[in-house]
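Everything below concerns the one structure shown next.
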Amino acid sequence: MEGFHPSMTSPFSYTFPISGAGSSTTTSNLTTATYSTSSLWMNSRIWSKLPQRLLDRVIAFLPPPAFFRARCVCKRWYALLFSNTFLELYLQVSPHRHWFIFFKHHKTRKSYIYKNNNNGSGCGHGAASSCEEGYLFDPSDMAWYRISFALVPSGFSPASSSAGLLCWVSDEAGPKTMLLCNPLVGSITQLPPTLRPRLFPSIGLTISPTCIDVTVAGDDMISPYAVKNLTSESFHIDGGGFYSLWGTTSSLPRLCSLESGRMVYAEGKFYCMNCSPFSVLAYDITSNNWFKIQAPMRRFLRSPNLVECKGKLLLVAAVEKSKLNVPKSLRVWSLQACGTMWVESERMPQQLYIQFAELEVGNGFECVGHGDFIVIMIRGTDKALLFDICRKRWQWIPPCPYIAHDGFELHGFAYEPRLATPVTGLLDQLALPFHTFGA
């Protein structure tokens, strides 16, 4: 597979599948087809007179791989990434793309967040950079892309994502430092550290065009042998000039077992799974209040996962009723508007579930949702299923061609690729002694 590496366009490197004109290439179950340029010939005397503003509008609709290839055409297109006029147009007209981003995670590690597991291949382990790699997946085209995070310092791991930004959290026990990173433009902005020391907290992030909200929840301890005290603290800043630097704190409900490490945002609340027994913990950002929601069929669930799709909270889990004459299955429930009732919305076809169970063999699975898609990754393997909610279609995902199945498995987040994330400019209002990394 040929790759395009616009190292001159960004501090991040990319690998996008490209094939020659009039050919078809297949690599690791990933097929890229192109057509002869003669069949797409356009009269240059006509198209060269296309108004520039209309041409910019066309370019703004390009998906990220095509946009970065187009930047090689001329100096003006190269400079579009730095043009405020173009970026304003891009934010107005560019379609939302419901992608996913995955990172390698060692199967034996017990961390609640995805520890940086780079083994140093291709770049050294220096203090300035961890050379972490991520793997982008486009569910519409079933295509994989590779991206490196050369600017992310060592000692940070990906923990959450929202609106084109990835949140990286410091690994060391103590007050947590977080970095907001836009991998497409190579920008990194640091948030002020949390006030309470923590070990492996769960991180919730939601970003709108006018505000940033981050919630850190879990044990405020720095040793696995300390007494647990489950609390949360929140960060908020908005375009109206209001901000709260981890000053909003709250206690979680009693008898919680917060172990998933993943928070999902939907309709003004963060949600995460509570274990033993299974239930859902919800945090209302506006009221600064935690509460429990009973999970459906909680005594018979296995590997329950919360995902967000089109603003709705969904629960995906295997159902096993060993003492009842009910076939094992994988089901999807939707949380209703009342906030307490679940309704089953989907169920994996039984024949497919039998095949799925043979591969899973009780090891469990993890799910990520975005838009109309849910990705279901089988632990301990490179196998994953994609469920298209709109088309009611289940299909196997081709393995990522950039990694070998060598003791690592993929863990991921919903990711919407964006060329611009101006909301991070709000952080410049804070007169705080923390450093901002940039391209």
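Details
- Were the residues from LEU50 through MET341 laid out at 0.36 nm apart, the gain over their Cα-Cα distance would be 99.3 nm.
- Between the listed residues CYS400, ILE354, SER170, the Cα displaced farthest toward the positive end of the dipole of the stretch 99-428, a dipole computed from Cβ unit charges relative to the Cα centre, is found at ILE354.
- Net dipole in debye of the stretch 285-370 [+1 Lys, Arg Cβ; -1 Asp, Glu Cβ; about Cα centre; nearest 20]: 340 debye
- Here the stretch 240-319 and the stretch 178-195 have alpha carbon centers that stand 24 Å from each other.
- Subset of LYS310/LYS392; LYS269/LYS310; LYS312/LYS383; LYS104/LYS392 violating a 18 Å alpha-carbon distance limit: LYS312/LYS383; LYS104/LYS392
- Cα coordinate range in the stretch 99-428, projected on the principal axes (Å, largest first): 58, 46, 41
- Rounded to the nearest Hz, the phi-derived 3J(HN,Hα) couplings of the stretch 329-346 under the Karplus curve 6.51 cos²θ - 1.76 cosθ + 1.60 (θ = phi - 60°) are 7, 10, 10, 10, 10, 10, 6, 7, 4, 5, x, 10, 10, 10, 10, 5, 10, 9, where x marks glycine and proline.
Every read-out reported here was derived from the displayed coordinates using simple, explicitly stated rules and does not represent laboratory data. Owing to the predicted nature of the structure, the values given are computational and were not obtained by experimental measurement. With ideal geometry, Cβ positions are generated from the backbone for all residues, glycine too; neighbour counts draw on all protein chains shown.
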